[in-house]
Amino acid sequence: MTTSPAPRPRRAALLRAVVAPAALAASLVLVPLPAANAAGPAAAPPAPTEAGPLRIHDIQGTTRVSPQAGKPVTGVPGIVTGVRAYGSVRGFWLQDPNPDDNPATSEGIFVYTGGNPTVQVGDSVLVSGKVTEYYPNYAGGSQSITELTGPAVTVLSHGNPLPAPVVVDTRNIPGRYAPPAGPDGSIDSVPLNPEKYALDFYESLEGMLVQVKDVRVIQATDKYNELWVAADRQDQRSKRGGVLYESYREPNVGRLMVQQQAPVSQQPFPVANVGDELTGATTGPLDYNQFGGYTLVAGTLGTLKDNHLQREVTAKAGERELTIATYNVENLAATNPDAKFAELAQGVVTNLRSPDIVALEEIQDNNGAKNDGTVDAGQTVATFLAAIKAAGGPAYEWRSVDPQDGKDGGEPGGNIRQVFLFNPQRVSFTDIPGATATTAVGVTGAGAATALTASPGRIEPTDEAWTNSRKPLVGQFSFRGQKVFVIANHFNSKGGDQGIDSRFQAPTRSSEVQRVKQATVEQAFVATLLAADRQARIVSLGDFNDYQFSPALAALTKDGVLRDLVNELPETEQYSYVYQGNSQVLDHILVSPEVGYAKYDVVHINAEFAQQASDHDPQVVRIKP
């Protein structure tokens, strides 16, 4: 759960960030939201009686920022194309049925009412109000939404035909994602080129009715009742129906989030997995939000076609193969429901086939998020081990090192850490005393006598690279008389990074700096082990929170001390996590040169499904030490 670029509160905060431009030099203004049942801001202008001089395309202009931002406008005409009457961002979408001939100027706009809108879809209206630029996450780099706020609305007639939606598909989505930024690093004031750049294309349709037809689901329905579809069939497809995130240079251009206008209490939202389809037409205004960028807010949803995606089961291991797995169990605590333990245990026993060693990430202390100084996780692990046994698995034993309270990041009070599970009938753990939360594990001996100074131990836990982040846990194991060193990792999250749809291009990946430092520290430790014994068998695995092509993974594999096994999979299978419609690699298993034989598998049981035991897919490798 610590992998997403930002925490995931909904737009229910009591403040909206509204920036009046003047080349975006104005100060940030925080405008309180009215109560949910309010009619709207109190200082509304008089209700318009005739059309004013400006049309929506005049307000939207040819850049992301309105040339009228901060100014009052009167009598803006249009047809109501959608209504949002729930949540904290209530209002309606307005579209001019008489467009201009400039493809860069949108004909649609959102009218923010604050309270429940009194208009209906198909109403012909005049709106007076103030033009504002609303940034869902200004500090985080989000783009803005041009809106009319504090509105006064006059309804002229009902039941009017809606403007024809723009069909968004491979034929009109540009192949390049983002335009070059201006001198300030932002694309806000850069003229839109909707025929060349995907972000410009979507911005030119902001607030307008758009439509996708017969589209594939590329991210499952989440708890906020939204999913992602592939509007462009040319984005690189994964083996199971998603789209692959393959480099920073080429983001997938056709990803669109889909929400619906109707509350789920009135209209259930489809529960879809990756590879399912929304057949027919899905139509609604094009919105923007900080959690997904451009979003189709559907008034009409296509019909869900189930592709019957199945959870994978890894191949059976041979008697002489040592199996080692990694699984981020998403803030598992003793206080969680039994059902979560049972589902995770089923994944270990059935889908991973009860590996000999399992490195777990995000094991919380015994009382979970309760922030009372507790760091012991014995109850959490014991509950999980019992669930594994109940699912038909082995009687695992476990090893870990308790962190200092509040020093390892994650959910406040949770004290997440990595834990080794191992099957004593198959592999033995070499216990070497001396570990504490702040004691750095070292290497002693040489050649076949090489050993850790503490097992389990933590790698350089006081190094600033690990500030407010999990420290790597290393353990020494023995399998069929052969020594194996295993490092369980959980690098710092992507929190604070600017999104790929950011107004800043290229977006800043600020969290990457710390992961590179972490990778550098761990690479040095691995190099020390290999200097003592060049034949050392080392497996480093876990949630590295970064991609196979990232600077962090380059730093970790420097000088060939480790090789990243995900690169040895077919390209269409290289992913363990799905975020904003991108199937991507965040979890890795790496091995030292002496581990030549390595059969590696990402076992897809979570990330592509609406029903998840965790947000990560586990991974397993079979080696012959």
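Here are the numbers for this structure:
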| item | result |
| --- | --- |
| Every residue from the stretch 550-567 that is in a helix (DSSP H, G or I) and either of a type in the set (S, T, N, Q) or closer than 11 Å to Ala519 by Cα (or both) | Pro551, Ala552, Leu553, Ala554, Ala555, Leu556, Lys558, Asn567 |
| Members of the stretch 213-254 that are closer than 26 Å to Val80 by Cα, within 18 Å of the chain's Cα centre (by Cα) and buried (at least 18 other Cβ atoms within 10 Å of the Cβ) | Glu226, Leu227, Trp228, Val229 |
| Per-region count, the stretch 420-450, residues buried (at least 17 other Cβ atoms within 10 Å of the Cβ) and under 13 Å from Lys483 (Cβ atoms) | 5 |
| The stretch 61-82 - residue that is in a loop (DSSP other than H, G, I, E, B) and of a type in the set (Gly, Ala, Ser) and, of those, farthest from Gly129 (Cα to Cα) | Gly61 |
| Tabulated pairs, the stretch 151-162, first in contact (Cβ under 8 Å) with a residue 24 or more places away in the chain, second loosely packed, with under 12 Cβ neighbours inside 10 Å and among the β-branched types (Val, Ile, Thr), C-beta under 9 angstrom, 6+ apart or interchain | Thr154/Thr49 |
| Residue match in the stretch 398-419 (condition: surrounded by fewer than 18 Cβ atoms within 10 Å (Cβ to Cβ), farther than 23 Å from Phe485 by Cβ and either without any contact (Cβ under 8 Å) to a residue 24 or more places away in the chain or touching a helix residue (DSSP H, G or I) at 6+ places or on another chain (Cβ under 6 Å) (or both)) | no |
| Where Ala390 falls short, out of the listed (1) open to solvent by 40 Å² or more (accessible area, probe 1.4 Å); (2) of a type outside the set (Asp, Glu); (3) closer than 20 Å to Ile324 by Cα | (3) |
| Residue, nearest to Lys624 (Cα to Cα), within the stretch 269-325, restricted to residues that are assigned to a strand (DSSP E or B), open to solvent by less than 30 Å² (accessible area, probe 1.4 Å) and of a type in the set (A, V, I, L, M) | Leu322 |
| Segments classed as strands (runs of 3 or more DSSP E), wholly inside the stretch 568-616, with at least 2 members that are modelled with pLDDT of 95 or more and open to solvent by less than 10 Å² (accessible area, probe 1.4 Å) | 582-584, 587-591 |
| Counted residues, the stretch 85-136 - those being open to solvent by 40 Å² or more (accessible area, probe 1.4 Å), among the acidic types (Asp, Glu) and closer than 20 Å to Thr295 by Cβ | 0 |
| Failed criterion for Asp546 (all others in (1) in a helix (DSSP H, G or I); (2) of a type outside the set (A, V, I, L, M); (3) crowded, with 21+ Cβ neighbours inside 10 Å hold) | (1) |
| Selection within the stretch 330-354 - in a loop (DSSP other than H, G, I, E, B), within 18 Å of Gln418 (Cα to Cα) and either touching a Lys or Arg at 6+ places or on another chain (Cβ under 7 Å) or open to solvent by less than 20 Å² (accessible area, probe 1.4 Å) (or both) | Ala333 |
| Complete set of residues in the stretch 511-538 that are in a helix (DSSP H, G or I), in contact with a Phe, Trp or Tyr (Cβ under 9 Å, 6 or more places away or on another chain) and either open to solvent by 20 Å² or more (accessible area, probe 1.4 Å) or at pLDDT below 95 (or both) | Gln514, Lys517, Val521 |
| Pairs with Cβ under 6 Å, 6+ apart, first in the stretch 350-375 and in contact (Cβ under 8 Å) with a residue 60 or more places away in the chain, second crowded, with 20+ Cβ neighbours inside 10 Å and small (Gly, Ala, Ser) | Leu352/Ala325; Ser354/Gly393; Pro355/Ala325; Val358/Ala325; Ala359/Ala488; Ala359/Gly542; Glu361/Gly542 |
| Per-region count, the stretch 462-483, residues surrounded by fewer than 23 Cβ atoms within 10 Å (Cβ to Cβ) and either more than 25 Å from the chain's Cα centre (by Cα) or without any contact (Cβ under 8 Å) to a residue 12 or more places away in the chain (or both) | 10 |
| Qualifying residue in the stretch 490-507 (condition: under 20 Å from Pro625 (Cα atoms) and either assigned to a loop (DSSP other than H, G, I, E, B) or touching a residue at least 40 places away in the same chain (Cβ under 8 Å) (or both)) | no |
| Neighbours by Cβ (under 7 Å, 6+ apart or cross-chain): first from the stretch 221-240, touching a residue at least 60 places away in the same chain (Cβ under 8 Å) and among the β-branched types (Val, Ile, Thr); second open to solvent by 20 Å² or more (accessible area, probe 1.4 Å) and part of a loop (DSSP other than H, G, I, E, B) | Thr221/Pro270; Thr221/Val271; Thr221/Ala610 |
| Tally of residues being small (Gly, Ala, Ser), crowded, with 21+ Cβ neighbours inside 10 Å, under 25 Å from the mean Cα position of the chain (by Cα) and part of a loop (DSSP other than H, G, I, E, B) across the stretch 180-212 | 1 |
| Residue count, the stretch 83-125 (criterion: in a strand (DSSP E or B), closer than 15 Å to Leu162 by Cβ and in contact with a Pro (Cβ under 8 Å, 6 or more places away or on another chain)) | 7 |
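This table checks each residue for (1) within 17 Å of Gly75 (Cα to Cα); (2) out of contact with any Gly (no Cβ under 6 Å at 6 or more places or on another chain).
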| site | (1), (2) |
| --- | --- |
| Gly108 | yes, no |
| Thr113 | yes, no |
| Ser144 | no, yes |
| Leu148 | yes, no |
| Gly159 | no, no |
| Pro174 | no, yes |
| Ser186 | no, yes |
| Tyr197 | no, yes |
| Asp200 | no, yes |
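Condition check ((1) modelled with pLDDT of 95 or more; (2) hydroxyl-bearing (Ser, Thr, Tyr); (3) out of contact with any helix residue (DSSP H, G or I) (no Cβ under 7 Å at 6 or more places or on another chain)) across all residues:
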{"site": "Ser204", "(1), (2), (3)": "yes, yes, yes"}
{"site": "Val212", "(1), (2), (3)": "yes, no, yes"}
{"site": "Ile218", "(1), (2), (3)": "yes, no, yes"}
{"site": "Tyr248", "(1), (2), (3)": "yes, yes, yes"}
{"site": "Asp276", "(1), (2), (3)": "yes, no, yes"}
{"site": "Gly284", "(1), (2), (3)": "yes, no, yes"}
{"site": "Asp287", "(1), (2), (3)": "yes, no, yes"}
{"site": "Phe291", "(1), (2), (3)": "no, no, yes"}
{"site": "Leu296", "(1), (2), (3)": "yes, no, yes"}
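Listed here are the residues, each with its yes/no results for (1) within 19 Å of the chain's Cα centre (by Cα); (2) among the small types (Gly, Ala, Ser).
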{"residue": "Asn492", "(1), (2)": "yes, no"}
{"residue": "Gln498", "(1), (2)": "yes, no"}
{"residue": "Glu512", "(1), (2)": "yes, no"}
{"residue": "Val516", "(1), (2)": "no, no"}
{"residue": "Thr528", "(1), (2)": "no, no"}
{"residue": "Ala536", "(1), (2)": "no, yes"}
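The values are calculated or read from the model by the stated rules, or taken from the named source; none is laboratory data. These numbers come from a predicted model, not from an experiment. Note: ideal-geometry Cβ built from the backbone for every residue, glycine included; neighbour counts use all protein chains shown. Heavy atoms of the whole protein, side chains included, go into the accessibility calculation; ligands, DNA and RNA do not. Shrake-Rupley method; radii C 1.70, N 1.55, O 1.52, S 1.80 Å.
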